[in-house]
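The values are calculated or read from the model by the stated rules, or taken from the named source; none is laboratory data. For clarity, every value in this text was computed on a predicted model and none was experimentally measured. Ideal geometry is used to build each Cβ from the backbone, glycine not excepted, and the neighbour counts take in all protein chains shown.
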Amino acid sequence: MSGEYMNQEGVAEGSGFKRYGFRLNLDNKPREWATVSTNLSFNQTKEDLVTTNYGDAQSPLIANALRLTPQIPVVNYNGTWGSSDPVNGAGQYAPTNPIALASLITNNNTRKQFLGGLNLAIMPIKGLTIRSSINGSIGDGFTTYYTPTYNLDQWHNNLIASLQNGSYQSWYWNWNELVEYTRQIGKHNFTLMASHEAQESEYKALSAGRTGFLTNDIFDVNAGDASHQGRYHEHSPCPPMKGHGAGAYLPNQL
């Protein structure tokens with residue numbers, strides 16, 4: 001059994017990555033002719049994506065930081081966010097304080113995943129092995145993108161808050177059965193195999209968004225203005241699939 005935990009703060013403000021998980025592997029041989037093994041694992045990750053997922057390709061947050069002129073401070077002496085000089089009209093062409101945006105905007109993605117497998121092998125007679133294995137996974141995730149109201153100066157402000165929430169779920173299973181018979185006759189080996197496999201999966205996603213929030217402290221779609229909303233739903237089931245095969249490994253001289 002093993003576990004892990006990682007907490008990595010990003011180089012830039014508004015970025016970061018957290019992950020923890022555990023893994024369990026068990027092998028057992030209850031009889032000389034039977035073996036059982038299992039493997040289980042779980043992990044959860046959380047990413048802060050403001051720095052890497054803001055704006056468009058022409059004006060991402062990092063590019064705004066590179067274009068910001070040096071006379072604009074990050075924070076003013078009174079503790080407010082730095083912004084353009086209201087007297088200098090050229091300030092309207094300067095990008096918005098990137099550190100302020102990285103601190104004000106919330107953009108994170110949380111994912112969970114569980115994977116497991118069970119394997120059974122029996123050897124009822126010499127040379128004959130029957131294997132059966134089943135594996136599966138379950139996963140879900142949740143995303144939050146919230147842009148609050150702010151007013152840095154007369155040119156750099158946002159008067160309408162917006163929230164975009166998304167969630168998704170997925171699951172998958174696979175069952176494989178294999179029969180293998182090996183026999184040596186003189187200087188030749190013969191191997192016969194037959195297999196059967198079935199699998200099924202499903203993926204569902206739902207996203208919703210609203211604007212017009214009265215407060216910047218509640219990240220709930222229901223708290224927004226119902227007259228300005230959007231929804232998106234995706235459902236991708238994969239029907240059960242089955243397959244089988246048989247093969248023979250013809251004489252191989254030793």
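Overview of values
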| read-out | value |
| --- | --- |
| So THR191, is it at negative phi, part of a strand (DSSP E or B), of a type in the set (Val, Ile, Thr) and surrounded by fewer than 16 Cβ atoms within 10 Å (Cβ to Cβ) | yes |
| Single condition ASN39 does not satisfy, out of (1) modelled with pLDDT of 85 or more; (2) in a helix (DSSP H, G or I) | (2) |
| Residue that is nearest to the chain's Cα centre (by Cα), among those in the range 195-214 that are exposed (fewer than 15 other Cβ atoms within 10 Å of the Cβ) and over 16 Å from THR144 (Cα atoms) | GLU202 |
| Condition check for GLU47: at pLDDT 80 or above, out of contact with any strand residue (DSSP E or B) (no Cβ under 7 Å at 6 or more places or on another chain) and closer than 23 Å to SER162 by Cβ | no |
| All positions within the range 82-101 that are touching a Phe, Trp or Tyr at 6+ places or on another chain (Cβ under 8 Å), outside any loop (DSSP other than H, G, I, E, B) and closer than 24 Å to TYR146 by Cβ | ILE99, ALA100, LEU101 |
| Flag for ASN165 being touching a helix residue (DSSP H, G or I) at 6+ places or on another chain (Cβ under 6 Å) and part of a strand (DSSP E or B) | yes |
| Any hit, the range 3-10, residues being surrounded by 14 or more Cβ atoms within 10 Å (Cβ to Cβ), of a type outside the set (D, E, K, R) and free of Cβ contacts under 8 Å to residues at least 60 places away in the same chain | yes |
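Okay, residues lined up against (1) within 18 Å of the chain's Cα centre (by Cα); (2) surrounded by 11 or more Cβ atoms within 10 Å (Cβ to Cβ):
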site	(1), (2)
SER15	yes, yes
ILE72	no, yes
ASN78	no, no
VAL87	no, no
ALA94	no, yes
LEU101	no, yes
